[in-house]
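The values are calculated or read from the model by the stated rules, or taken from the named source; none is laboratory data. All values derive from a computational prediction rather than experimental measurement. All Cβ positions, glycine included, derive from the backbone under ideal geometry; neighbour counts span all protein chains shown.
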Amino acid sequence: MSTFDPNPVFFDARAVEAYRALAEESSFARAAVTLGMSQSELLHTYNRIERALGVELLVSNANSLEWTPAGRLILAHIQSLHEDWKQTVRKLRQCLNERTGSISIGITPSVACSYIKNMLLEYRREFPGVALEIQQLSPLQVRNALDTRLVDLAFARPGVFVDGVRAATLCEEPMLVAMRKDHPLTSKSVLSLADLEHDRLIGYSAASSPYFENLVTSALSAAHIIVKFDRKSTLPALLGLVEEGIGLGLVPKSATQGWGQRLQFRRLTGPNKIFAETVLFEYETRANPAVCSFIEFIKARCSRIG
């Protein structure tokens, strides 16, 4: 018998399958049929393994094969590797099918109270094996999280710019006028920006909600409307201020969910209607395989928004 050859090349995938087939069939003839190879080819493969290891692995009896202690040791190791490989393949397939894994998501407060909130709940119900790790972040924190890859993707409003990150508008929704039920403007079914000129308005904080602050002030300026901002706030806190009677608010339609029993909302009409965008920020190169179907899921749901 030759001495041990430390070169592992002789034990390739074909050799492993041959070894396992011999263990299961206890016969060169039956194992060859199982493997779809000739008996001489199988015998050649087995002899190659035995020569390389430098030990006898099998002894042949009248009707069967028996493993030597060395053969049983090799077989136990091969069986363990086979089970590890099957488990690895199973996990990989699950991951590629996006049924398991985790996705880290950054989301700004205004998007967290939008249609996206319900979509995330729906995704969790449909894919319980995928953990969604959601972090509510300011626009600046979203940019920093994307820049340092602390999140796999983010939902925010326009205005976040990071190298290697692409932005895609998921949906546009109208801005509505929010008011208390006892406000005189509830007598109108639709409003124009001019209707707000002599009323108190709750504005958006330039520091916390720069997108909405710019959206609202730009629309009012374009319509040559001068209003008094009694307070500056963010969503969803702004709606609470409206309920307290501090003033009117301009809010995206999706933010009105859950407020219908307490407040009234009116659409804007005319040339100065305002629309808010929800944007998905994702890396140009996706490192997380679960992200792909998640994004497809969200985009499909957003396409249904009227």
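A few notes on this one:
- Residues within the range 1-27 that are touching a helix residue (DSSP H, G or I) at 6+ places or on another chain (Cβ under 9 Å), closer than 14 Å to residue 48 by Cβ, of a type outside the set (A, V, I, L, M) and modelled with pLDDT of 55 or more, tallied: 5
- Residues (over 26 Å from residue 240 (Cα atoms) and among the basic types (Lys, Arg)) located in the range 257-306: 286, 299, 301, 304
- Condition check for residue 263: within 21 Å of residue 211 (Cα to Cα) and buried (at least 18 other Cβ atoms within 10 Å of the Cβ): no
- Of residues in the range 226-275 being among the aromatic types (Phe, Trp, Tyr) and in contact with a helix residue (DSSP H, G or I) (Cβ under 6 Å, 6 or more places away or on another chain), the one farthest from residue 199 (Cα to Cα): 259
- Of all residues in the range 46-53, none satisfies being at pLDDT 85 or above and outside any helix (DSSP H, G or I).
- Within the range 60-77, the set of residues being surrounded by fewer than 16 Cβ atoms within 10 Å (Cβ to Cβ), modelled with pLDDT under 85 and among the hydrophobic types (A, V, I, L, M, F, W, C) comprises 62 only.
- First in the range 70-90 and touching a residue at least 60 places away in the same chain (Cβ under 8 Å), second anywhere and assigned to a helix (DSSP H, G or I) and among the aliphatic types (A, V, I, L, M), Cβ under 6 Å, 6 or more apart: 78/16
- Extreme residue, nearest to the chain's Cα centre (by Cα), among residues of the range 266-306 that are polar (S, T, N, Q) and loosely packed, with under 12 Cβ neighbours inside 10 Å: 285
- The residue that is modelled with the highest pLDDT, among those in the range 82-99 that are surrounded by 13 or more Cβ atoms within 10 Å (Cβ to Cβ) and part of a helix (DSSP H, G or I), is 82.
- Filtered residue count, the range 113-153, keeping only those that are within 15 Å of residue 281 (Cα to Cα), among the hydrophobic types (A, V, I, L, M, F, W, C) and in a helix (DSSP H, G or I): 5
- Counting only residues that are closer than 19 Å to residue 237 by Cβ, more than 13 Å from the chain's Cα centre (by Cα) and buried (at least 20 other Cβ atoms within 10 Å of the Cβ), the range 114-144 holds 4 of them.
- Test: residue 210 is more than 27 Å from residue 112 (Cα to Cα) and in the same structural domain as residue 267 (by TED's automatic domain parsing): no
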